[in-house]
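Below is one structure; the comments refer to it alone.
The values are calculated or read from the model by the stated rules, or taken from the named source; none is laboratory data. Predicted model only: the values in this text are computed from it and were never measured. Heads up, the Cβs are rebuilt from the backbone with ideal geometry, glycines too, and the neighbour counts pull from every protein chain shown. Remember, those area values only see protein heavy atoms, side chains included, never the ligands or the DNA or RNA. Shrake-Rupley method; radii C 1.70, N 1.55, O 1.52, S 1.80 Å.
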Amino acid sequence: MNKSFVKKSGLLIIAAALILCSPVYSASKKKKSKQSSKTAAKVTEETVSAEPEVLNTQDSESIKLPSVKNQRTYFYKIDASIMADVENGSPDSIRSAMSSLRQTYGSELDEAGKVLAFVSAEIMKLVWPSQKITWDIPVVTEETPYTGALNSVRQGVFDSSTGNVDFLTTLLPALVILNNTADISVYENCENAVKAALELKADSVLANYIMACVYEKKRNFETAEKYLETAYNASKETDEIGLAYSRVLRNNGKLELASSVLGGINGGTNDIAVLKQNAFIAFDSKDYDAAELYVARVLQQTPNDLEFLLFRAKILIEKKDFIHAVSLLDVYARQDNTSIEYLVLRARVQLDWSKNTTAATETVEKALQLYPDNTDALMFAARISSETDSPVAGKYADELAERVLEKNPGNTEAMTYALDGLIQRENWQEAYTASKNLISIGEVSPTVVEKYVNICLKLGKNNEAYEYAKTRYDANPSDETLLQSYILAYSKVGNRDAVLKYIDSLMGSASAKVKSNLYYRRSYLQLTEEKALADLRSSLISNPRNSDALFRLYELYYAKQDYRKAQYYLRQVVAINPNDSSFKKLNEALTKLMQ
């Protein structure tokens, strides 16, 4: 390549640079930009460095060209430290920014300064409503992406036309997550916007708080906690952050820390929001007396608060104070008789207090019609099915519980109901798998141990049943349910005489209830019907409501075709277990047989 060509190329580059920097070109560019979008971010022309950049050509001639260092936003005239404080977004940082803005630029702000002061005030109103605005809010007439985004936020709309040219145009649309009228469709846009904002300023209190709000709305409390922890550590005095952090900690089961965070809120113990959070924390801690006191204080200040009227009924139900709970439910129903919380509580009262299984089933089926995916309704329906051995809304306990487990695989209560449904339908192999999963997750109740042992015996896994029952009983020999499970498993693998001797050794010190169970279990080891009947009668003398002994007598007399005596005992079983439809069906069949 010859030197003449290089020099000509250099001259062409210089000419192009001069054209780009000329006033004519600049004006043309501005005009086109303005025509392209009235709402686009107002970005200044690329600032030219005072120090020209040197372009070296091949013939060693030095040619100086202007270079573009950076692109500044609409607020390019505002001091960088002021912008940094606004972008941090905590109440203190915003107030500091506005103080510096006034000191630096005086009362006569240009349009950009007015917009910044206006935007800062709107952030305070929308995000930090408990905080005071300490500066004069200017009147802004110019339309900008910043004001446009805030107008959209107030309407519950995510503004995607801001251009995302800087931190504020990126983040402001996501403030719509705080608008209760915004629907679920904004969640993804908000999450993406805040992620982009955090890439620009990872330590922004405002951005971390808004991101936590997004995840809290999505019920991803673990992720929300991480962002709130960052925001809280940077701005512990901000009530909104403290309340949100406490709320998320409570949902994550960290009740002690949630209470501690709540105690540091400036609003004090009489603040209505603090009282409500304290009530929820006390309830989750099963301190129902304290929860009721907090709720009472809330209702003193806001007697028409339907949410807390219903919450008080919920507390009273936990305290077994059904009479007062029903009165509150009746009051609530006059305003709203279709809320999911109300329907589930009403069903609980009908089942636990009125013992009206039919009414409880109808109520929870109505709840599932209105809220088919509600976890509380599904769980209560599974409970009813588990206790009645009947379908609810056309599904058995295991089918209902499975829908809960799809969303929350570790829900042990749902796993237990699923196990009950499989046992009731005698699906022993699946019940075995379900019970193994349940006992593998940690400490399990004696009732679950009993179910696992029975399932193993049904599948012929006698040694497995015995080993597990013995291990659990040895760890807690005072538990009556574990003792029963152990004796049952022992009777399947042990020598008959040895088992009888062991049972007899327990009779002397056993309580009436345990003695009744021992007689019942011994009846299966007797070689004659006469001795078996004698043991069963002794069992009922110790505990007349031993449903197992009564049912065993029904079976013996039914086998002898003595149907009247069989029904005599079966009816007692039905009376003790009014919700179990399987016993009712047997009684109905026996009645027809006797006709």
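Note on K286: aspartates and glutamates with a C-alpha under 14 Å away, same-chain residues under 8 apart excluded, are E256, E318. Only one of (i) 36.7, 125; (ii) 30.9, 101; (iii) 23.9, 72 was calculated from the structure for Rg and Dmax of the Cα atoms in Å, and its label is (i). Under the combined filter of DSSP loop state and at most 13 neighbouring Cβ atoms within 10 Å, segment 112-193 retains these trypsin sites (Lys or Arg not before Pro): K132.
Residues W428, W128, ordered by accessible area of protein heavy atoms at a 1.4 angstrom probe radius and largest first, appear as W428, W128.
Taking GluC sites (Glu not before Pro) across segment 382-478, the ones in a DSSP loop with at most 12 further Cβ atoms lying within 10 angstrom of their Cβ are E426, E443.
Legend: calculated FRET efficiency, N304 to E529, from the Cβ-Cβ distance at R0 = 56 Å, rounded to 0.05, equals 0.25. Expressed as a whole percent, the accessible area of the chain that falls on carbon and sulfur atoms is 49 (1.4 Å probe). Checking the Cα-Cα distances for K355/K451; K226/K276; K355/K395; K217/K407; K195/K217 against a 18 Å cut-off, the pairs over it are K355/K451; K226/K276; K355/K395. For segment 437-595, a crude dipole built from +1 on the beta carbon of Lys and Arg and -1 on the beta carbon of Asp and Glu, taken about the Cα centre, is about 500 debye to the nearest 20. Most tightly packed first, judged by the mean number of other beta-carbon atoms within 10 Å of their residues, the peptides 168-175, 75-82 read 168-175, 75-82.
Quick one: Cα centre-to-centre distance for segment 203-258 and segment 486-503, in angstrom? Rounded to whole Å, the Cα centres lie 57 Å apart. Projecting label points 7 angstrom from Cα along Cα→Cβ for N192 and N408 puts them 3.1 nm apart. Which of rounded, prolate or oblate describes segment 291-357 when judged by the alpha-carbon gyration tensor and an a/c cut-off of 1.5? Since a/c reaches 1.5 but b/c is at least a/b, the shape of segment 291-357 is classed as oblate.
Averaging the Cα positions of each part gives two centres, and for segment 109-167 and segment 391-465 these lie 56 Å apart. For segment 278-396, relative contact order (Cα pairs under 8 Å, six or more residues apart, normalised by length) works out to 14 percent. Computed with a 1.4 Å probe over protein heavy atoms only, the accessible surface of the chain comes to 53 Å² per residue.
For trypsin sites (Lys or Arg not before Pro), the sites in segment 327-431 that DSSP calls loop and that have at most 15 other Cβ atoms within 10 Å are R334, K355, R425. Residues of segment 411-430 with an amide N closer than 13 Å to a point placed 7 Å from the Cα of N437 along the Cα-to-Cβ direction: 411-422, 430. Here segment 511-584 is treated with +1 on each Lys and Arg Cβ and -1 on each Asp and Glu Cβ, and its dipole about the Cα centre works out to around 180 debye.
Taking the Cα centre as origin and putting +1 on Lys and Arg beta-carbons and -1 on Asp and Glu beta-carbons, what dipole magnitude results for segment 252-307, to the nearest 20 debye?
120 debye
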